[in-house]
1. Quick check on region 16-39. Is at least one of its residues of a type in the set (A, V, I, L, M, F, W, C), buried (at least 24 other Cβ atoms within 10 Å of the Cβ), near ligand 2 (Cβ under 9 Å from one of its atoms) and farther than 15 Å from LYS330 by Cα?
2. Check off (1) under 18 Å from the mean Cα position of the chain (by Cα); (2) farther than 20 Å from THR233 by Cα for CYS306 and give me the number that stays unchecked.
3. So which of GLU280, GLU295 is more than 12 Å from ligand 2 (Cβ to nearest atom), in the same structural domain as ALA345 (by TED's automatic domain parsing) and under 25 Å from GLY129 (Cβ atoms)?
4. Could you tell me how many of the residues in region 271-288 are farther than 24 Å from ASP228 by Cβ and either within 13 Å of ligand 1 (Cβ to nearest atom) or free of Cβ contacts under 8 Å to residues at least 24 places away in the same chain (or both)?
5. Run down VAL115, VAL30, VAL7, VAL43 and say which single residue is within 30 Å of THR318 (Cα to Cα) and either without any contact (Cβ under 8 Å) to a residue 12 or more places away in the chain or away from ligand 1 (no atom under 11 Å from the Cβ) (or both).
6. Given the conditions (1) in contact with a helix residue (DSSP H, G or I) (Cβ under 6 Å, 6 or more places away or on another chain); (2) loosely packed, with under 14 Cβ neighbours inside 10 Å, which single one is not true for THR292?
7. Picking from ILE229, ILE262, which residue would you name as being more than 9 Å from ligand 2 (Cβ to nearest atom), assigned by TED's automatic domain parsing to the domain that holds ALA314 and either over 22 Å from ILE411 (Cβ atoms) or of a type in the set (Asp, Glu) (or both)?
8. Tally up the residues in region 109-148 that are buried (at least 17 other Cβ atoms within 10 Å of the Cβ) and in a loop (DSSP other than H, G, I, E, B), please.
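The values are calculated or read from the model by the stated rules, or taken from the named source; none is laboratory data. Since we're looking at a predicted model, the values are computed, not measured. Neighbour counts run over all protein chains shown; Cβ positions are idealised from the backbone, glycine included.
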Amino acid sequence: MPAVVLVGAQWGDEGKGKATDLLGDQVDYVVRYQGGNNAGHTVVIGDQKYALHLLPTGVLSPEVVPVIANGVVIDPGVLLEEIEGLRARGISCERLLISASAHLIMPHHKALDKVTERYLGKAKIGTTGRGIGPAYGDKIARMGVRVQDLLDPGILRKKIEVALNEKNQVLTKVYNRRVIDPEKVLEEYLGYAERLKPYIADTSLVLSKALDQGRVVLLEGGQGNLLDIDHGTYPFVTSSSPTAGGACAGAGIPPTRLTRVIAILKAYTTRVGSGPFPTELLDERGDWLRTTGHEYGTTTGRDRRCGWFDAVIARYATRINGVTDFFLTKLDVLSGLERIPVCVAYEIDGVRHDEVPMTQTDFHHAKPIYEEFPGWQEDISEAKSFDDLPPNARAYVRTLEEMSGAPISAIGVGPGRTQTLQLRPLV
Ligand code: GDP
Ligand code: IMO
Ligand code: MG
């Protein structure tokens with residue numbers, strides 16, 4: 001039965017939280033399959049605003065089982081704070097399931113994330129500083145600490161000691177940082193163990209049974225296509241695989257179960273942190289997009305870099321993820337422009353490129369080739385159907401659809417749950 005993947009088509013912050021929330025009453029499970037609390041997914045329900053970092057957005061829908069699957073890296077202190085924060089607002093997290101195989105972010109991961117960025121100087125990635133890269137690094141190096149280790153204090157002690165034996169050398173001798181005391185870490189994590197125990201489960205098994213019973217599983221990606229460790233703008237990426245392919249490994253679901261790939265696509269482009277961004281606007285037009293679109297980071301509060309829509313990267317998202325549907329967000333932000341430029345291809349050293357270039361060197365030199373489309377002046381935030389949109393807004397949507405290579409099935413015209421135009425069913 002259907003497993004649907006929802007991914008970011010650009011550099012994150014496309015509106016994945018809002019899109020996931022919208023599908024809340026049509027799905028039974030919402031699963032985070034990669035990333036960690038580097039993500040910030042904002043959901044606006046009535047006059048309430050929620051910013052979710054580690055918890056799947058489905059936690060806001062009372063009937064949904066939220067799942068943190070094996071591919072996620074979990075900072076247990078942050079997770080418990082997030083659970084408490086929601087509880088204080090009347091949202092129960094009792095149904096939450098956490099994979100026993102997910103990895104834990106440890107204090108040395110956070111320390112190393114911050115200090116390695118500092119050492120990179122101008123070459124820094126601009127990470128969220130949450131320890132994501134070092135935690136995934138230890139996972140791949142086979143020295144990570146997993147959620148299941150919280151259930152075995154003897155193993156937990158050994159793993160913390162082994163990790164800190166090495167990491168303390170690095171922290172003190174390479175980076176001139178303080179030693180981290182393994183006893184203190186053990187005590188802290190044993191405290192988390194007590195509180196997290198009720199949520200720990202074999203989530204792959206749970207999801208497999210759910211699918212067998214005809215339940216609908218929504219896999220909620222963090223980050224986006226161009227932040228993917230393999231397919232993104234390496235090294236200016238995150239350390240996981242947010243793309244649809246990564247969803248299967250990260251959730252323990254076979255690829256043959258996937259029926260739909262929904263990619264969230266902003267009507268313009270933003271990016272947080274360093275790295276190439278061909279359509280970036282460094283002038284007052286970029287400032288206008290930032291203020292009009294409220295483009296400030298949900299997780300770190302940083303200004304998001306802003307630019308026009310880039311059809312080359314949208315096509316790339318279709319290719320890498322096998323997108324079946326696009327959910328176009330923030331169309332309302334573009335109201336009031338006379339003309340709207342769209343990047344249709346790149347010019348690199350005098351040569352036209354219709355696809356994302358093979359090398360990062362070329363991507364860094366890519367200059368956008370723009371086509372301009374007529375804008376609209378009307379406020380569209382109250383529109384209820386596609387036909388309510390002004391003709392130029394409809395034409396802009398149809399143009400993006402044609403260039404991106406998959407149908408646009410929903411359109412966001414505001415941050416609210418109800419500010420969505422649905423063109424065809426998504427589940
Ligand atoms: P995510 O990380 O992909 O979930 O996106 P973020 O939550 O970080 O950023 C998207 C922002 O845009 C949030 O503040 C949303 O409330 C807001 N948003 C989502 N869809 C729309 C839309 O269609 N119009 C407007 N104006 N805001 C939207
Ligand atoms: P959501 O899920 C936008 C960016 C960081 C940095 C790079 C690496 O809200 O879309 P990391 O801390 O992951 O090692 O940082 O990735 N980044 C995001 N940018 N949205 C996100 O998540 C992001 N998560 C990480 O800014 O450039
Ligand atoms: Mg975000």
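1. yes
2. Single failed check for CYS306: (2).
3. Every option except GLU280 fails the conditions.
4. 7
5. Of the residues listed, the single one that is within 30 Å of THR318 (Cα to Cα) and either without any contact (Cβ under 8 Å) to a residue 12 or more places away in the chain or away from ligand 1 (no atom under 11 Å from the Cβ) (or both) is VAL30.
6. Against the list (1) in contact with a helix residue (DSSP H, G or I) (Cβ under 6 Å, 6 or more places away or on another chain); (2) loosely packed, with under 14 Cβ neighbours inside 10 Å, THR292 comes up short only on (2).
7. Being more than 9 Å from ligand 2 (Cβ to nearest atom), assigned by TED's automatic domain parsing to the domain that holds ALA314 and either over 22 Å from ILE411 (Cβ atoms) or of a type in the set (Asp, Glu) (or both) holds for just one of ILE229, ILE262, which is ILE229.
8. Final tally of qualifying residues: 7.
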